[in-house]
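The values are calculated or read from the model by the stated rules, or taken from the named source; none is laboratory data. No experiment lies behind these values; they were computed from the predicted model shown. With ideal geometry, Cβ positions are generated from the backbone for all residues, glycine too; neighbour counts draw on all protein chains shown.
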Amino acid sequence: MTSFIELTLTPPLATIALNRPESHNAFNPQLIAGLTEAFQTVGQDETVRVVILTGRGRSFCAGADVSFMHAAASYTFAENLADSQAIFDLMNAVDSCPKPVIGRINGAAIGGGAGLVSCCDIVVAVERATFAFSEVRLGIIPAVISPFVLAKIGVSQGRELFLTGERFSAAHARHIGLVHHLAADEAALDEKVGERVEQLLLAAPGASAAAKQLIRTVAYQPKEAMRETTAQLIAHRRASPEGQEGLRAFLEKRPPGWQ
């Protein structure tokens, strides 16, 4: 597990924190691998009953790291495919964790960060938090996170938010079902998270795991079936002229050609 992830075990709780506050907890390969490993670890730990996922600093997760975007601009198709599959596997590790996962959303959640939010069972967000599925503004699409996001907010909301890429408030995130509870500040955030933990601990551990599996079985088809499809889609988009232009424009701090 990398230093970009803090895993704190205080049974029956496990707290997993994204720990790149200077980069707004943005994704890079090390963070993605460390976060996947952390969820695999707590999922197998019989002393853990509830998992809390949060970020250090004032952001939850800003999506892709700028330095990673520099590298991705020159990735081969195979490299893009492998990276996309790793992100899908991270989302799936959070989504399929047998323990209840509470998202403690302490700030902005953009792109893949908003995808992580959609994988949590219960989400409590501070009111100042903002969200976006901003990929189309970079010439790409939210492909590998889409099965998880659409399962949470539905196709109708996804149509607007995926197509505009616009930022939206925590209040709107609650309105569309991405967030369950709002908190005025960090103290209130911790209070509400604590109250949710208390309620979750009233349930039998085996029943909680079975209830999560029930939802996955009944509500929608297994997301794993979408792994190759979505990874191929984003890999193609990253290598496309629009994807390359969007990445270059972002890195050069200028509007892309289509704006």
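Quick notes
- Number of the exception - ALA184 against (1) touching a residue at least 40 places away in the same chain (Cβ under 8 Å); (2) aliphatic (A, V, I, L, M); (3) closer than 27 Å to GLU135 by Cα; (4) surrounded by fewer than 14 Cβ atoms within 10 Å (Cβ to Cβ): (3)
- Residues that are over 8 Å from the mean Cα position of the chain (by Cα), outside any loop (DSSP other than H, G, I, E, B) and closer than 17 Å to ASN25 by Cα within the stretch 87-108 comprise ILE87, LEU90, VAL94, GLY103, ARG104, ILE105, ALA108, listed in sequence order.
- Entry remark, the stretch 182-208: residues being in contact with a helix residue (DSSP H, G or I) (Cβ under 9 Å, 6 or more places away or on another chain) and within 19 Å of VAL117 (Cβ to Cβ) number 3 in total.
- Residues in the stretch 127-144 that are assigned to a helix (DSSP H, G or I) and not aliphatic (A, V, I, L, M): GLU135, ARG137.
- For the stretch 163-193, a tally of residues being assigned to a helix (DSSP H, G or I) and not β-branched (Val, Ile, Thr) returns 14.
- Among (1) surrounded by fewer than 20 Cβ atoms within 10 Å (Cβ to Cβ); (2) assigned to a helix (DSSP H, G or I); (3) touching a residue at least 24 places away in the same chain (Cβ under 8 Å); (4) within 16 Å of the chain's Cα centre (by Cα), the one test that HIS70 misses: (4)
- Matching residues, the stretch 142-161, being among the hydroxyl-bearing types (Ser, Thr, Tyr) and either surrounded by fewer than 21 Cβ atoms within 10 Å (Cβ to Cβ) or modelled with pLDDT under 95 (or both): SER156
- Assessment of the stretch 2-21 against the conditions (at positive phi, in contact with a Gly (Cβ under 6 Å, 6 or more places away or on another chain) and not aliphatic (A, V, I, L, M)) yields no matching residue.
- Residues being part of a helix (DSSP H, G or I), within 21 Å of ASN106 (Cα to Cα) and not small (Gly, Ala, Ser) - total across the stretch 26-65: 5
- Some residue of the stretch 247-259 being outside any helix (DSSP H, G or I), modelled with pLDDT under 85 and under 20 Å from the mean Cα position of the chain (by Cα): no
- Filtered residues of the stretch 6-16 (kept if in contact (Cβ under 8 Å) with a residue 24 or more places away in the chain and over 14 Å from the mean Cα position of the chain (by Cα)): GLU6, LEU7, LEU9, PRO11, PRO12, LEU13, ALA14, THR15
- Filter result for the condition that a residue is on the phi > 0 side of the Ramachandran plot and modelled with pLDDT of 95 or more, over GLY103, GLY139, GLY63, GLY111: GLY111
- Selection of the stretch 17-53 for residues being under 14 Å from GLY63 (Cα atoms), surrounded by fewer than 22 Cβ atoms within 10 Å (Cβ to Cβ) and either without any contact (Cβ under 8 Å) to a residue 12 or more places away in the chain or touching a Lys or Arg at 6+ places or on another chain (Cβ under 7 Å) (or both) yields ASN19, PRO21.
- Which numbered condition THR164 misses (of (1) surrounded by 18 or more Cβ atoms within 10 Å (Cβ to Cβ); (2) modelled with pLDDT of 95 or more; (3) β-branched (Val, Ile, Thr)): (1)
- Hits in the stretch 1-16 - residues which are surrounded by 20 or more Cβ atoms within 10 Å (Cβ to Cβ) and β-branched (Val, Ile, Thr): ILE5, ILE16
- The set of residues in the stretch 73-84 being in a helix (DSSP H, G or I) and either of a type in the set (Phe, Trp, Tyr) or at pLDDT 95 or above (or both) consists of PHE77 alone.
- If you filter the stretch 167-181 down to residues that are surrounded by fewer than 20 Cβ atoms within 10 Å (Cβ to Cβ) and of a type in the set (A, V, I, L, M, F, W, C), you find that the one that is nearest to ALA114 (Cα to Cα) is PHE168.
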